[in-house]
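The values are calculated or read from the model by the stated rules, or taken from the named source; none is laboratory data. None of the values given here were measured: they were computed from a predicted structure. Cβ placement follows ideal geometry from the backbone for every residue including glycine, while neighbour counts extend to all protein chains displayed. Just the protein is used for accessible areas: all its heavy atoms, side chains included, with ligands, DNA and RNA removed. Shrake-Rupley method; radii C 1.70, N 1.55, O 1.52, S 1.80 Å.
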Amino acid sequence: MKPLEGIRVLEVAMYGFVPSAGAVLSDWGAEVIKIEHAVTGDPQRGLRQTGTMVVVGDPNPNVEHANRGKRSLGLDMSVPEGKEVLIELVKKADVFLTSFLPDHRAKFGIDVDDIRAINPKIIYARGSALGPRGQESNRGGYDMTAFWCRAGTAASITPPGTEGMIAPPGPAYGDTISGTNLAGGVTAALLKRERTGEPSVVDVSLLGSGMWSMGHGIALSAHLKEPMVAPVPGVHGSPVNPLTGVYETADGRYISFIMMQPSKFWADVCRHIDRPELIDDPRFATGKDISANTEAAVAILREAIKGRTLEDWTVRFGTLAGPWAPVQDSFQVSADPQVRANDYYVQAGEIELVSTPVQFDVAATETSPAPEFAAHTDEILMEIGLDWDRIIELKTAGAVT
């Protein structure tokens, strides 16, 4: 049994952020009903190109990633008949999950007080760009603006002298992180309601999530009163530790070392690169010596690691005590044996997706494909007690699809 089995989530949201919270809750066992506009559906369904990558036909990963495991109902909340359906759904829900801005929540009658008037015990969860308070609380935004740029990552990762800024590494990067935060908040609220009987209003913003992701750096900057500055491309890594940095292999790939205690791992690294004479080299006798001679150590390691391919080093470093990793792109990571061993990449119908990041009882995450637009309208309406004649009336009126 999954942890959230028996919990019903009503998702009134679009694009990537809040729907990704629904995806996580679904993987944890909740029943998630995705409410989409009766005519256009979630605009994310129209996203076919991301940068140079173009998706033709279905399945479309741009939709699947954040909408796995849900059911879809096409509903026009702006007409009385559609609002009646929404009311019946709210009555039977545990969580109301939305990305709508305050003005639109008021327009459609789905703000906290409206929903609580129907179901006083419901968890009300909101995802926003900039938070629920302040002068800009009614402004929209995307992960590029609120999470990546405004919260400090873009400037911190862009080296001095670079024109413009480094963009996020992939689509919905901040959306997915923020959605997971929102899913965690919902589950905490469900636990509180179970213990106390009191429902909560849960808020997560892209700005707040972006700051949390940069929290260590922001704290350092505030304390030292200076911004973090990214190293220029090509710099090894740490200026005082040769075992914290990136090294190129013979086949143009890279290996990342992160060994925070160089004196602890220096001898082992020397043996693995076939340079045992460096173990007793006085330049590297202590941690202080290694730090003082980082430049020389980096030069030695660069030459040694450049002599073998990544495949060779992967075998050789299988017994290396210190932390290291291959540098992998978004295509290479899917074939990583450790990824496969832990089921971090799972089947969802015709497509494979990255699994949501929490596993329970050392078991693989189970998921299913994202629904086609309005694929479950009829069955959901029947579940709330409508007969077929009434469903036909609603469809004729354009209230549902």
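Below is a table of values for the structure above.
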{"read-out": "Estimated [θ] at 222 nm from DSSP helical runs (n ≥ 4, -39500 (n - 2.57)) normalised by residues in the chain, nearest 500", "value": "-10500 deg cm²/dmol"}
{"read-out": "The chain - percent relative contact order, Cα under 8 Å, separation 6 or more", "value": "20 percent"}
{"read-out": "Share of carbon and sulfur in the accessible heavy-atom surface of the chain [1.4 Å probe, %]", "value": "56 percent"}
{"read-out": "Arg133 paired with Thr52, simple spin-label distance in nm, labels 7 Å along Cα-to-beta-carbon", "value": "4.7 nm"}
{"read-out": "Coil-residue GluC sites (Glu not before Pro) of the range 59-163, DSSP, other Cβ within 10 Å capped at 10", "value": "Glu163"}
{"read-out": "Calculated FRET efficiency for the pair Val235/Asp280, C-beta based, R₀ 30 Å, to 0.05", "value": "0.55"}
{"read-out": "Using alpha-carbon coordinates, inclination of helix 215-224 to the longest axis of the chain, degrees", "value": "60 degrees"}
{"read-out": "Glu311-Glu88 pseudo-label distance in nm [points 7 Å out on the Cα-to-Cβ vector]", "value": "6.1 nm"}
{"read-out": "J(HN,Hα) series, the range 269-274, from Karplus relation 6.51 cos²θ - 1.76 cosθ + 1.60, nearest Hz, glycine and proline x", "value": "4, 4, 5, 6, 9, 6"}
{"read-out": "Selection from Val232, Ala219, Pro242 lying farthest towards where the dipole of the range 189-255 points positive, charges on Cβ", "value": "Ala219"}
{"read-out": "Accessible area per residue in Å² at 1.4 Å probe, computed on the chain", "value": "51 Å²"}
{"read-out": "Spatially near lysine pairs across the range 55-124, Cα under 13 Å, sequence gap of 8 or more or different chains", "value": "4"}
{"read-out": "Dipole of the chain, positive direction: furthest Cα of Thr365, Pro160, Cys149, with charges on the beta-carbon", "value": "Pro160"}
{"read-out": "Pair Arg195, Asp378: separation of 7 Å Cα→Cβ label points (nm)", "value": "4.6 nm"}
{"read-out": "Rg followed by Dmax, in Å, when the range 221-374 is reduced to its Cα trace", "value": "20.1, 71"}
{"read-out": "Coarse-grained scattering of the range 201-306 at q = 0.14, 0.21 Å⁻¹, given as base-10 log I(q)/I(0) from a Debye sum over alpha-carbon atoms", "value": "-0.68, -1.08"}
{"read-out": "Rounded to 10°, Cα long-axis angle of helix 294-305 versus longest principal axis of the chain", "value": "80 degrees"}
{"read-out": "The range 324-401 - charge dipole about Cα centre, Lys and Arg +1 at Cβ, Asp and Glu -1, debye rounded to 20", "value": "220 debye"}
{"read-out": "Cα gyration tensor shape for the range 1-114, rounded if a/c is under 1.5, else prolate or oblate", "value": "oblate"}
{"read-out": "Rounded tilt (10° steps) of 80-91 against the dominant C-alpha axis of the chain", "value": "60 degrees"}
{"read-out": "Volume of the Cα convex hull of the chain, divided per residue and given in Å³", "value": "182 Å³"}
